[in-house]
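Worksheet: the structure to be examined is printed underneath.
Computed from the coordinates by the stated procedures, all read-outs in this text should not be read as laboratory data. Note that the structure is a prediction, hence the values are computed from the model and not measured. Positions of Cβ are backbone-derived with ideal geometry, glycine not excepted, and every protein chain shown enters the neighbour counts.
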Amino acid sequence: TQALLLQSEKMSSLGQLTAGIAHEINNPVNFVANGVNTLKDNFKQLNVFIENYKRICELESLEEIKKYYKIQREDDHHFNDLQTSTNESLDDVEYGTTRITEIVNGLRVFARHDEVEIKEADLNEVVENAIVILKPKYKKKAKVLKDLDANIKPIKCLPGQLNQALVNLIANACDAIDFKGTINVKTEEQDDDHVKISIRDNGKGMSEDMVKKIFDPFFTTKEVGKGTGLGLAITYGIIEKHNGTITVESEEGKGTEFVITIPKKLRKVNKSMDPALA
Ligand code: ADP
């Protein structure tokens, strides 16, 4: 399956994004709320057990102790259930809080507008820096092969944000590789006014249907703790700010290539697609 994407339709409006956030947070919040409710109930029941044990300590006649012993055996059974339910609820609360923390952290980056100043930067350095940052992540399973055009003159861009976009793409490339693989990162001059950066992996690739969704905020196929689905939405926003384009070609089982094209000299940050900046 090959797919080339035109993403002008892809960036969500503020309304869609907010609805997405509400929906996304609602689910883990429910886990926390239900978990806490169950924990409260369990705590009450635990108090009953404790009261019973206190009572047995005060028993004196053998008759009474025997009678209690029977009840206690039954209670032990309930006690096991209570332990299981408590452990499950604690897991739910942990899942919920981890997920919410992830979403909030992702949104922080999403909403980061600290860098609006256009600076001159060496594109290859920006790329190299993203690769260095990710070394601990990829070194065990992927080889990163660089093909950087040394003739590219410094470009005018938002270097921190461009770096963030590349980190997101290279991190995804690494995640797409299950066992051992290669990530190719290439920079070149597209034409007199534009530079091109491509990130190619020979990981698991994507179906055409999936490619259509990957730039949507919160679309993820990764398990909790591994992804928020905000990476590519953020990346898209950053390239949009640069008046650039990002396209993707992917084939299931073969790999994926993202290609970014940005102007060599960004004059004015494009704020049109960014609701919070507009
Ligand atoms: P996240 O990485 O948090 O899931 P992203 O927005 O960065 O969020 O990516 C969304 C989804 O797109 C990923 O969960 C993954 O399924 C898919 N994806 C992104 N990049 C690649 C890639 N290079 N190869 C295969 N799938 C990818």
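Things to note:
- Flagged links, alpha-carbon separation over 24 Å, of Lys153/Lys204; Lys140/Lys204; Lys146/Lys213: Lys153/Lys204; Lys146/Lys213
- Each peptide in 256-268, 37-49 gets a packing score, the mean of other Cβ atoms within 10 Å over its residues, and the list from highest to lowest is 256-268, 37-49.
- Built amide H within the under 5 Å cut-off of Leu148, gap 5+: Thr187
- Under a Gaussian network description of the chain, with springs only between Cα atoms under 10 Å, the residue in Gly160, Gly205, Gly237 that fluctuates furthest is Gly160.
- Amide H to amide H, with H built 1.01 Å from N, Gly255 comes under 5 Å of Gly205, Met206, counting only residues 5 or more places away or on other chains.
- Model label sites at Ser207 and Leu145, defined 7 Å from Cα along the beta-carbon direction, differ in position by 3.0 nm.
- Seen from a random direction on average, the alpha-carbon convex hull of the range 56-168 projects onto 13.4 square nanometres.
- Annotation: amide H of Leu230 within the under-5 Å range of Phe218, sequence separation 5 or more or interchain, hydrogens built in the peptide plane.
- Fewest-first sequence of Leu230, Leu148 by Cβ atoms within 10 Å of each Cβ: Leu148, Leu230
- The angle between the Cα long axis of helix 159-176 and the main principal axis of the chain comes to about 60°, on a 0 to 90 degree scale.
- The HN-Hα couplings worked out from phi for the range 199-209 by the Karplus form 6.51 cos²θ - 1.76 cosθ + 1.60 (θ = phi - 60°) are 10, 10, 10, 9, x, 6, x, 9, 7, 4, 4 Hz, whole numbers, x standing for Gly and Pro.
- Exposure proxy order (Cβ contacts within 10 Å, fewest to most) of Tyr236, Tyr68, Tyr138, Tyr53: Tyr53, Tyr68, Tyr138, Tyr236
- Whole-Hz ³J(HN,Hα) from phi, Karplus 6.51 cos²θ - 1.76 cosθ + 1.60, for the range 93-108, glycine and proline x: 5, 5, 4, x, 5, 4, 5, 5, 4, 4, 4, 4, 4, x, 5, 4
- Seen from Leu39, the other residues with C-beta closer than 15 Å to its C-beta sum to a net charge of -4, counting Lys and Arg as +1 and Asp and Glu as -1.
- Straight-line cross-link partners of Lys70 among the aspartates and glutamates, defined as a Cα under 19 Å from its Cα and at least 8 positions apart when in the same chain: Glu51, Glu58, Glu60, Asp81.
- GNM result for the chain, Cα springs below 10 Å: residue of Ala176, Ala130, Ala33 fluctuating most strongly: Ala33
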